[in-house]
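Undergrad: Sharing a structure, written as structure tokens. Questions coming.
The values are calculated or read from the model by the stated rules, or taken from the named source; none is laboratory data. Bear in mind that the values here come from a model prediction, so they are computed numbers and not experimental data. Cβ: placed from backbone, ideal geometry, glycine included. Neighbour counts: every protein chain shown.
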Amino acid sequence: MVSSRTAGDFLKDITDEAIARHIEHANGLPTLQSTMHIYPIDGAAHRVGRNDTAFSYREANFAEVIVGFSPDPTDADRLKSWVVDYWEAVHPYSAGGAYVNFMMDEGGDRIGATYRDNYDRLAQIKRTYDPDNTFHINQNIKPGAQTTGDLYIVPCRRRVRTLMPAPRAVVRSDVLHRMERATDRQSPHR
């Protein structure tokens, strides 16, 4: 069994102050397998509006991930301490949210910060397709509160989606089944 811990952030710029914090923590690596990566975000990611998809940090230029890793499970506390201390030192220089797969158990506020104003829309989608929160592992979006009735998406031949009110009992299996059939018909790989 191995031990690992990660944390991340989106960055607009990499300042001299942030570089100094990175150097401080790099000098204190808990294991030889631990690391920090900075990935560029550019191109197509910047050509889409921040509310057009779940990913809202279109203005970010970098994604960083801090990784504590060890083949020895007894290193777990040391890894967690190093990753959390490192993240707390560099987070003030960040854009706010992070790539969700670079997160662990930061909690709901951190998930909300990652999706920003897209979170409520995602929570309503989750409420429609996973009202019992079956898919709750990792960075969970909790199902949104009911407002004026369930909304569901009806696939159409022209790939136009329409939101329609529906009785709760009808939505689950029927809509998902129809969506699967419609997607199969539209697939160019069939």
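Undergrad: If we scan segment 154-167, do we find a residue that is buried (at least 16 other Cβ atoms within 10 Å of the Cβ), modelled with pLDDT under 85 and not assigned by TED's automatic domain parsing to the domain that holds PRO30?
TA: yes
Undergrad: While we're on this one: For the structure I just gave you, tell me whether ALA60 is farther than 22 Å from VAL2 by Cβ, touching a Pro at 6+ places or on another chain (Cβ under 8 Å) and without any contact (Cβ under 8 Å) to a residue 60 or more places away in the chain.
TA: It is false that ALA60 is farther than 22 Å from VAL2 by Cβ, touching a Pro at 6+ places or on another chain (Cβ under 8 Å) and without any contact (Cβ under 8 Å) to a residue 60 or more places away in the chain.
Undergrad: If you check GLU24 against the conditions, is it in contact with an Asp or Glu (Cβ under 8 Å, 6 or more places away or on another chain), among the acidic types (Asp, Glu) and either assigned to a loop (DSSP other than H, G, I, E, B) or in the same structural domain as MET104 (by TED's automatic domain parsing) (or both)?
TA: Taking the combined requirement at face value, the residue does not satisfy it.
Undergrad: Evaluate segment 126-139: report whether one residue or more is within 15 Å of SER56 (Cβ to Cβ), out of contact with any strand residue (DSSP E or B) (no Cβ under 9 Å at 6 or more places or on another chain) and either at pLDDT 85 or above or of a type in the set (S, T, N, Q) (or both).
TA: Checked segment 126-139: at least one residue is within 15 Å of SER56 (Cβ to Cβ), out of contact with any strand residue (DSSP E or B) (no Cβ under 9 Å at 6 or more places or on another chain) and either at pLDDT 85 or above or of a type in the set (S, T, N, Q) (or both).
Undergrad: Does any residue in segment 10-34 that is more than 23 Å from LYS80 (Cβ to Cβ) come within less than 6 Å, Cβ to Cβ, of a residue that is aromatic (Phe, Trp, Tyr) six or more places away or on a different chain, and which pairs are these?
TA: Final answer for the pair search is THR15/TYR93.
Undergrad: Quick one: is GLY144 more than 14 Å from the chain's Cα centre (by Cα), closer than 23 Å to VAL100 by Cα and at pLDDT below 80?
TA: yes
Undergrad: Further question on the same structure: Note down all Cβ pairs under 7 Å where the first residue falls in segment 77-106 and is under 15 Å from SER3 (Cα atoms) and at pLDDT 90 or above, the second is charged (D, E, K, R) and surrounded by 16 or more Cβ atoms within 10 Å (Cβ to Cβ), and they're at least six residues apart or on different chains.
TA: Pairs that qualify, where the first residue is under 15 Å from SER3 (Cα atoms) and at pLDDT 90 or above and the partner is charged (D, E, K, R) and surrounded by 16 or more Cβ atoms within 10 Å (Cβ to Cβ), are LEU79/ARG5; LYS80/ARG5; VAL83/ARG5.
Undergrad: Sticking with this one: Output the residue which, of all residues in segment 54-82 that are surrounded by 18 or more Cβ atoms within 10 Å (Cβ to Cβ) and small (Gly, Ala, Ser), is farthest from GLY43 (Cα to Cα).
TA: SER70
Undergrad: Turning to a different aspect of this structure: Does ASP9 satisfy the condition of being acidic (Asp, Glu), assigned by TED's automatic domain parsing to the domain that holds MET103, outside any loop (DSSP other than H, G, I, E, B) and closer than 19 Å to ARG110 by Cβ?
TA: yes
Undergrad: Only one of (1) more than 21 Å from the chain's Cα centre (by Cα); (2) part of a loop (DSSP other than H, G, I, E, B) is not met by ALA60, so which one is it?
TA: It is condition (1) that ALA60 fails.
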